[in-house]
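**Q** I'd like to ask you about the structure that follows.
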Amino acid sequence: MKSTISAILASCLLLGVASEARADTCDTVRGTDPGVMTSFWCTQPWIDFYWDAYDFDKGDWDDGFGWEAACDRRRPLARTFQAIQLLNYASPNEALKTNDFNGNILRWGGNYTIREFDELDARCGDGSKRAYTTWGGFDDYTELYIPFFYNENVVERAGTLIHEARHADWCGHSGNDGSNKCPAKSASCDEKYLDGCSGIGSPSGRGAAGYQVLWLWWYAFEADAQHSSSTMKAFARDEANRILNTMFDVNPCFNITSNGSKIITC
Ligand SMILES: [Zn+2]
């Protein structure tokens, strides 16, 4: 683990902002994934399907990021696949086709990410962001950075993918403005839990932070035993509550528990 990561750290520093993936040399790794996710299966047909579904490209995932070893959980690619697996299979009533958007977000969240992402790219980043999505242009893409791969647990990674997919759906952040800035004072804040998009051509309703909370909430409430544990549901609770408590200009006034119950907080 250590040697892989330090090799990844070394490349990014040398190459700076390379135009292609350069995992062999990045920096800042916390590596707290607790080794859950025992159900991660990594078969070639599964990889082939999701490689195409999410528009992965070799040039964005080689050089240490995992193209060479798609099942190696120390690499960014397999750590992304773990999150993709949660998004597509954690529902007790999982969708069997990619055009099935029935039911709740735990059921269709995977299909939403498949539909909205133009391409998923691995990059070192500068350590300040987990991910970044650009949309509305000629070349839309989502970049995932080292903190996404190594500082987030698998449940947080799944939530981040939902968040970025909402941006790829042309929904920009609407918060941290006016006289009621959010507690985090962050450009990643939304105005309200149920109303958080802004920008030309944006959809209405929940924004990226709201989608993220909603997925985490349903995950805590009903994720199946093959794709969750009490530890993983506690991760979902903590991440949802962090967002609820800091990332909205208007306090949503609730938190969730690790079994998906709602607690009124103000
Ligand atoms: Zn965002």
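Laboratory data are not the source of any read-out in this text; all were calculated from the coordinates shown. Just so it is clear, the structure is predicted and the values come from calculations on it, not from any experiment. Neighbour counts are summed over all protein chains in view; Cβ atoms, including those assigned to glycine, are modelled from backbone coordinates with ideal geometry.
**Q** Is region 236-247 home to any residue that is assigned to a loop (DSSP other than H, G, I, E, B), within 14 Å of the ligand (Cβ to nearest atom) and aliphatic (A, V, I, L, M)?
**A** Yes, the conditions are met somewhere in region 236-247.
**Q** Mind listing whichever residues of region 81-102 are part of a loop (DSSP other than H, G, I, E, B) and not small (Gly, Ala, Ser)?
**A** Hits for region 81-102 are Pro92, Asn93, Glu94, Leu96, Lys97, Thr98, Asn99, Asp100, Phe101, Asn102.
**Q** Please specify each residue of region 177-195 satisfying the condition of being within 12 Å of Val250 (Cβ to Cβ) and surrounded by 13 or more Cβ atoms within 10 Å (Cβ to Cβ).
**A** Scanning region 177-195 gives Asp177, Lys181, Cys182, Pro183, Cys189, Asp190, Glu191, Lys192, Tyr193, Leu194, Asp195.
**Q** The conditions are (1) away from the ligand (no atom under 12 Å from the Cβ); (2) surrounded by fewer than 24 Cβ atoms within 10 Å (Cβ to Cβ), and Ser198 fails exactly one of them. Which is it?
**A** (1)
**Q** Would you tally the residues in region 152-181 being over 27 Å from Thr80 (Cβ atoms) and more than 13 Å from the ligand (Cβ to nearest atom)?
**A** Residues flagged as over 27 Å from Thr80 (Cβ atoms) and more than 13 Å from the ligand (Cβ to nearest atom) within region 152-181 amount to 5.
**Q** Using beta carbons and a limit of 7 Å, which pairs, at least six apart or on different chains, have the first residue in region 124-151 and away from the ligand (no atom under 15 Å from the Cβ) and the second one of a type in the set (Gly, Ala, Ser)?
**A** Qualifying pairs under 7 Å: Ile146/Gly125; Ile146/Gly127; Tyr150/Gly31.
**Q** Does Ala184 fit the bill of being under 18 Å from Leu87 (Cβ atoms), away from the ligand (no atom under 11 Å from the Cβ) and of a type in the set (Gly, Ala, Ser)?
**A** No: the conditions fail for Ala184.
**Q** Considering only residues of region 113-140 that are more than 25 Å from Gly64 (Cα to Cα) and crowded, with 17+ Cβ neighbours inside 10 Å, which is nearest to the chain's Cα centre (by Cα)?
**A** Here the residue is Glu116.
**Q** May I ask you to list the residues in region 181-235 that are within 21 Å of Thr133 (Cβ to Cβ), under 15 Å from the mean Cα position of the chain (by Cα) and without any contact (Cβ under 8 Å) to a residue 60 or more places away in the chain?
**A** Matches in region 181-235: Ser188, Gly207, Ala208, Ala209, Gly210, Gln212, Val213.
**Q** For Asp238, work out the one condition from (1) of a type in the set (D, E, K, R); (2) within 30 Å of Asn93 (Cβ to Cβ); (3) free of Cβ contacts under 8 Å to residues at least 40 places away in the same chain; (4) loosely packed, with under 15 Cβ neighbours inside 10 Å it doesn't fulfil.
**A** (4)
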